[in-house]
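What follows draws every value from the coordinates through simple rules; no lab data is involved. It should be emphasised that the depicted structure is a prediction, and the values quoted were computed from it without experimental measurement. So basically every Cβ, Gly included, is an ideal-geometry build from the backbone, and we count neighbours across all protein chains shown.
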Amino acid sequence: MSSDLPPMEELDRGTGAATDAGGWLGVLPVALVATGADGRIVRWDPVAQELLGYRAPEVVGRHVVELLHPGVDRSLGRSLWEAAAAGHGVMGVVTAWHRDGHPLELEIWACPVPGGDRSPGVLVFAADAFGARRVRGASVVWDGLFARSPVGIAVLDTQLRFLQVNPALQAMNGLPETAHVGRRLAQVLPEVNAEEMEEVMRRVLADGEPVVDFRRVGRTPADPERDQVWSCSYVRLEDAHGRPIGITASIIDITAQQQAEVELDAGRRKLALLNEASVRIGTTLELERTAQELAEVAVPRLADAVTVDVLETVATGGESGGGLMGGAALRRLGKAPLSGSPVADVLTPLGRTLAFPATAPYTQALAQRQPFLLARVDARAIAPAARYSDKPERLLRMGVHSFMMAPLVARGVVLGVATFYRTGPGGPFDSADVALADDLAARAAVCIDNARLYNREHDTALILQRSMLPQHVTPPAGIEIDHRYLPASDTNEVGGDWYDVIPLRDGKAALLIGDVMGHGIAAAAVMGRLSSSVRALARLDLRADELLRHLEATLADLAEPLLATFLYAVCDPRTGRCQITRAGHPPPAVVDPDGTAHLLRLPAGVPVGVGGYDYTTTEVDLAPGSILVLYTDGLIEARGRDIDERLTELTRLLTGTTELDGLCDTLLSHLTPTSADDDIALLIARIGSPDAGRRRA
């Protein structure tokens with residue numbers, strides 16, 4: 001039997017129309033039956049055979065109504081076909097007769113299709129009514145979820161064109177559904193990462209593996225002035241045979257959550273940097289080292305280049321915080337990197353002094369004591385500073401695109417400024433960066449101020465110490481002396497070491513050396529009191545034990561008593577007899593005229609200030625020309641070395657000595673090859689020398 005229906009491709013287009021109309025027809029297995037204008041079946045597809053059990057040869061040519069159940073009224077089925085043949089699309093439920101002999105309820109949709117002679121044929125789409133009702137029930141749930149969900153939902157075809165979007169997604173995108181349907185993502189939202197998203201969706205279509213939490217970033221018409229972030233999940237849609245028919249996408253706006261995560265991550269990074277700064281900044285009490293530590297901590301984790309400039313008055317030990325009214329003079333003490341980048345090569349090297357007039361922006365920023373931010377550096381932004389220097393224009397050419405300054409302020413006093421430059425691909429400095437830079441600068445400023453105060457106290461203590469040491473040492477005839485005082489290095493505090501030579505009656509002399517326990521100005525001041533007291537008491541020709549009791553009383557009068565080690569020797573150059581008293585001080589060394597060196601074994605005693613102890617004076621007879629060596633513990637103490645080993649080394653260095661000339665320098669250079677950790681006082685005397693009265697220094 002010949003067919004008067006159109007070709008199969010037109011029937012397929014009809015199938016698409018029916019699917020769109022019925023909704024559920026694209027989900028269930030749907031049988032396709034085509035009839036001619038007379039109602040006789042001309043097409044019978046495999047799904048129809050599967051649904052009703054008849055093979056095509058068994059039904060083609062029969063009237064479609066004959067397939068209905070013989071025991072029921074067939075008028076509904078006939079009227080549905082007639083309405084479709086008359087040009088109407090109709091739906092209904094009929095009872096068909098399965099080839100196995102049981103009734104089967106079918107839900108059908110029938111529509112007219114023009115035939116070859118323009119007389120209408122009919123397409124009938126049929127599905128199991130029970131399955132259709134079940135799918136429609138699920139569809140109601142889906143439709144409710146789709147319409148009411150706060151999550152953005154979209155359905156896209158295999159070409160990634162929008163088929164359907166729910167109200168939540170329309171609100172997220174700021175566009176109605178009509179602006180979505182039939183278009184791809186890049187056409188709808190050109191300011192998001194559409195290409196990346198479509199690549200992910202193609203992969204889901206290809207392998208069927210869902211993707212969860214892919215990030216969409218950018219701007220939409222809903223909020224065109226602000227970047228936002230969405231979490232997207234994609235699931236492949238499949239037909240009954242597992243073939244892909246599209247994609248469903250769910251989208252959640254996580255901008256606030258993302259911002260919180262960014263802020264949390266920034267907080268962690270800030271805390272880590274501040275923790276590192278607390279360890280790395282202020283490891284010494286040196287201005288230069290502290291400023292350089294600040295610069296090195298901030299590069300590259302905060303900035304690409306950093307300079308640290310300290311007011312010239314601070315760098316030179318003067319008063320801090322002055323000089324801003326007439327301009328700013330600063331010395332560059334920190335810079336990172338030191339070289340190796342275009343920006344570093346443009347920036348002023350370490351140690352140079354920079355001068356700015358009072359009206360310059362740099363000076364104004366210092367005077368205001370507030371951080372300064374120039375988020376985006378361009379010709380217009382640098383114009384005010386460019387009037388005073390060509391440096392801003394050169395930095396702009398070198399790629400500096402963001403700039404900020406943080407003043408160094410400690411204890412209410414401005415000390416200098418740290419300047420941060422960004423040249424890399426990262427974004428400009430923001431308020432969080434400014435806050436971090438200000439925190440770093442504040443920590444460094446305290447360390448710089450500590451170094452400044454320490455250096456001032458160190459210098460003051462050193463001046464006080466030197467002023468209280470004997471300025472003119474004049475021993476009596478028969479005693480030749482040499483002496484040295486070596487203060488602690490700049491990284492250690494000055495102590496209370498001192499020595500003296502006091503002429504007594506009958507040509508005798510008191511040789512003394514002491515060490516106040518402690519450091520700084522307080523120790524130096526106590527040393528001065530003890531030194532003056534000893535000079536006055538020694539001239540009264542008091543015995544050593546009486547003199548020490550008076551020193552005990554002197555220390556007891558102090559508001560904060562200190563202890564002091566002390567060694568007092570009264571020497572008669574005519575006889576070589578010495579009366580020596582130790583108060584907790586290191587033992588003296590003696591070099592005999594033949595060059596033999598040894599330590600004098602004397603009662604050690606306890607430091608002055610302990611109280612309740614009777615000191616013992618020991619008489620020692622020295623051969624004429626013997627050398628007596630008195631010293632403080634700074635000469636023989638060294639980190640990681642046993643004190644007995646150091647004393648042995650001292651006697652080794654003294655062995656063979658016959659001349660005083662250069663002996664102090666020899667001992668200092670060998671026993672303290674690097675900067676001293678403690679003060680060192682050294683007093684050497686030849687007793688009974690024929691060159692008596694001559695002083696070598």
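Below are the figures for this structure:
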read-out: Karplus-derived 3J(HN,Hα), 6.51/-1.76/1.60, for each residue of region 631-637, Hz, glycine and proline x; value: 7, 9, 5, x, 6, 10, 8
read-out: Dipole of region 253-298, positive direction: furthest Cα of Thr284, Ala256, Leu274, with charges on the beta-carbon; value: Thr284
read-out: Net charge, Val60 excluded, C-beta distance under 10 Å - Lys, Arg +1, Asp, Glu -1; value: +3
read-out: ³J(HN,Hα), Karplus 6.51/-1.76/1.60, whole Hz, each residue of region 437-442, x for Gly, Pro; value: 4, 5, 5, 4, 5, 5
read-out: Cross-link partners of Lys270 among lysines (Cα-Cα below 23 Å; sequence separation of 8 or more within a chain); value: Lys335
read-out: Cα centre as origin, Lys/Arg/Asp/Glu Cβ charges: region 393-452 dipole, Debye; value: 220 debye
read-out: Check: region 506-583 dipole with +1 on Lys, Arg Cβ and -1 on Asp, Glu Cβ, in debye; value: 280 debye
